[in-house]
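Asker: Okay, handing you the structure first.
The values are calculated or read from the model by the stated rules, or taken from the named source; none is laboratory data. In this text, all values refer to a predicted model and were calculated from it rather than measured experimentally. As a convention, Cβ positions derive from the backbone with ideal geometry for all residues, glycine included, and neighbour counts pool all protein chains shown. Each accessible area value is taken on the protein alone, full model and side chains, heavy atoms only, with ligands, DNA and RNA left out. Shrake-Rupley method; radii C 1.70, N 1.55, O 1.52, S 1.80 Å.
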Number of protein chains: 2
Amino acid sequence: MYAGSSEMEQVVCVDTMVEGVHFRKDTLSSFQIGKKALAINISDIAAMGAIPTYYLVSVAVPPTWTEEELSEIYEGMNELAKRYEIDLIGGDTVSSNDALVITVTAIGKVEQGKAIFRSDARADDIVFLTGYVGGSAAGLDVLFEKGFNGLFSDKEKQLVKAHQEPTPHVEAGRILAKSNARISLNDVSDGVASEANELAEASQARLIIEQERIPLHPAMSEYSVERQLKFAMFGGEDFVLIGTVPKEKKEEISTQFRKSGLPFHEIGFMEAGEPSVFIKEGNERKKIQKHGYNHFQKRG
Amino acid sequence: MYAGSSEMEQVVCVDTMVEGVHFRKDTLSSFQIGKKALAINISDIAAMGAIPTYYLVSVAVPPTWTEEELSEIYEGMNELAKRYEIDLIGGDTVSSNDALVITVTAIGKVEQGKAIFRSDARADDIVFLTGYVGGSAAGLDVLFEKGFNGLFSDKEKQLVKAHQEPTPHVEAGRILAKSNARISLNDVSDGVASEANELAEASQARLIIEQERIPLHPAMSEYSVERQLKFAMFGGEDFVLIGTVPKEKKEEISTQFRKSGLPFHEIGFMEAGEPSVFIKEGNERKKIQKHGYNHFQKRG
């Protein structure tokens with residue numbers, strides 16, 4: 001239970017992670033499962049420009065999981081919750097027969113009229129990312145290749161960490177919400193291609209990404225550029241924010257990011273036209289479909 | 001997203017139903033799964049004396065379920081949502097490999113300081129139920145016996161309906177919240193024994209149930225009294241409310257219920273003493289442990 005406030009609007013997000021689909025015991029520790037389940041939801045809150053405030057957890061636990069592993073899941077969530085000063089206010093623990101299923105509900109608040117949506121991009125806006133992309137998918141590739149306890153190089157360690165312990169971009173979302181600019185925003189849970197297409201569709205405009213400006217995670221340097229781009233565009237789970245801002249507001253907002261020590265990468269621009277996403281390399285444009293990261297099988 | 005209010009407190013509840021644990025395709029239709037998943041959560045809101053306002057749904061769907069069945073789940077929720085005028089404000093649909101897992105988050109509101117808890121029962125309070133108990137567990141028994149499409153007698157139909165389409169007691173919760181009396185309250189999701197023990201523990205007092213006053217679902221009359229009592233005490237999923245109210249407030253509150261056309265069954269009283277529950281038959285008392293309805297296996 002929590003007190004309402006007439007100055008703030010409430011936002012609520014829910015996300016489910018399923019064993020064998022979104023994670024396996026050989027890709028995430030119990031602690032990391034908890035931490036990531038909460039991070040995914042906090043990222044949704046961040047993508048609206050809101051401040052996370054509370055969360056609830058519902059877990060369906062099969063007999064193959066021990067009480068200790070279950071505690072570690074809660075500890076993982078608690079570590080992240082402490083960082084954002086958010087409280088666990090409810091939940092449910094039930095049995096399942098096969099897979100562990102964890103659903104987190106996150107609640108946030110944002111000043112009246114300041115919530116950010118996907119639908120406010122307009123022609124001539126610039127498109128930005130608030131951090132490196134591709135690292136999480138590359139980390140999963142490393143985990144599949146070398147196993148949970150593999151001997152990782154320093155770069156591989158960075159990628160594995162990007163996959164296992166992503167950081168939601170709450171502060172970036174707050175800078176944008178307080179900017180008084182017309183912003184559209186989405187978090188990169190399903191790959192840049194998918195999220196960019198969502199922005200384009202919601203805003204009914206064309207989104208152009210300049211290939212050489214995509215901030216590819218530097219620890220991916222051992223991979224070919226082609227694979228790096230694939231991880232970035234179709235990988236997902238980077239949990240940076242992708243958004244748009246009017247050209248004339250770019251300087252002001254990127255300065256705010258710099259002052260806060262946060263990255264702000266301009267990666268492209270909006271155009272009038274049918275809702276679609278193109279990747280531009282020199283003078284060539286390729287249309288990019290939505291099919292982002294499919295985890296281990298079809299449905300998100 | 002929804003507007004906050006400084007006069008109301010927000011309450012949030014989350015519950016998960018797992019295929020093969022809380023339901024099977026031969027105990028509930030897709031429509032009923034949706035309706036029941038939402039009913040369970042609205043019942044949690046009712047048990048705090050709150051008004052349901054919004055809900056979110058997260059479903060993990062295995063390949064064995066069709067898109068049409070998934071739509072029916074949402075239709076089932078929508079039917080109940082319309083009745084309570086609550087809006088679906090978010091959700092997530094993901095894949096699972098084996099079982100369908102549905103998690104509903106329900107949001108409610110209650111006037112400042114009016115939320116009801118389990119911990120306010122005191123010695124000499126009377127204990128009440130807001131409806132018949134045992135019907136849902138008896139209905140499940142009928143379903144196990146005769147199958148989903150069995151030829152049911154009229155009484156069996158009532159029991160099956162009690163199991164498949166339980167009604168949350170929101171109006172009863174609201175009468176209690178507005179009564180200005182010191183109330184403790186819980187909803188009967190896990191059987192009277194389990195919920196009564198929760199009240200006794202939270203309130204640190206002894207709860208006595210007079211056996212002959214338990215409002216056994218009348219459609220159970222073909223069962224022995226012993227089985228009827230077992231269904232009522234250890235069955236669960238009746239989603240009536242069990243609570244306590246000070247003796248001197250009983251008349252006023254039961255009159256309120258009568259005026260609203262709602263049942264109010266006095267079933268016992270509170271005593272000072274170690275937190276525990278006893279069932280009283282004549283001059284004999286039997287201690288009743290918590291182990292309520294275990295669904296198809298151990299964890300709630």
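Asker: Test B:T64 against the criterion of being open to solvent by 30 Å² or more (accessible area, probe 1.4 Å), outside the structural domain of B:R182 (by TED's automatic domain parsing) and touching a Leu at 6+ places or on another chain (Cβ under 9 Å), and give yes or no.
Answerer: The answer is yes for B:T64.
Asker: Right, something else. Residues in the range A:148-155: is at least one touching a residue at least 12 places away in the same chain (Cβ under 8 Å) and open to solvent by less than 40 Å² (accessible area, probe 1.4 Å)?
Answerer: Checking the range A:148-155: not a single residue is touching a residue at least 12 places away in the same chain (Cβ under 8 Å) and open to solvent by less than 40 Å² (accessible area, probe 1.4 Å).
Asker: With the requirement that a residue be of a type in the set (D, E) and in contact with a helix residue (DSSP H, G or I) (Cβ under 7 Å, 6 or more places away or on another chain), what does the range A:214-264 give you?
Answerer: Once the filter is applied, which keeps residues that are of a type in the set (D, E) and in contact with a helix residue (DSSP H, G or I) (Cβ under 7 Å, 6 or more places away or on another chain), the range A:214-264 yields A:E222, A:E237, A:D238.
Asker: Conditions first: (1) part of a strand (DSSP E or B); (2) at positive phi. B:F128 passes all but one, so which condition is the exception?
Answerer: Evaluating B:F128 over (1) part of a strand (DSSP E or B); (2) at positive phi leaves (2) as the failure.
Asker: Can you tell me which residue among B:R122, B:R174 is touching a helix residue (DSSP H, G or I) at 6+ places or on another chain (Cβ under 9 Å), under 29 Å from B:Y54 (Cβ atoms), surrounded by fewer than 20 Cβ atoms within 10 Å (Cβ to Cβ) and away from chain A (no Cβ under 14 Å)? Working first, answer last.
Answerer: Numbers: B:R122 fails: under 29 Å from B:Y54 (Cβ atoms).
One residue alone meets the criteria, B:R174.
Asker: Also: Taking only the range B:84-110 into account, find how many residues are away from chain A (no Cβ under 11 Å) and either assigned to a loop (DSSP other than H, G, I, E, B) or surrounded by fewer than 15 Cβ atoms within 10 Å (Cβ to Cβ) (or both).
Answerer: The total comes to 3.
Asker: Would you mention how many residues in the range A:1-40 are assigned to a strand (DSSP E or B) and facing chain B (nearest Cβ under 7 Å)?
Answerer: 12
Asker: Here is a follow-up. Can you name the condition, by its number, that B:L229 falls short on among (1) within 17 Å of B:K287 (Cα to Cα); (2) surrounded by fewer than 16 Cβ atoms within 10 Å (Cβ to Cβ); (3) not aromatic (F, W, Y)?
Answerer: All conditions pass for B:L229, except number (2).
Asker: Among what's in the range B:217-226 and is touching a residue at least 60 places away in the same chain (Cβ under 8 Å) and open to solvent by 40 Å² or more (accessible area, probe 1.4 Å), pick the residue that is farthest from B:V192 (Cα to Cα).
Answerer: B:E222
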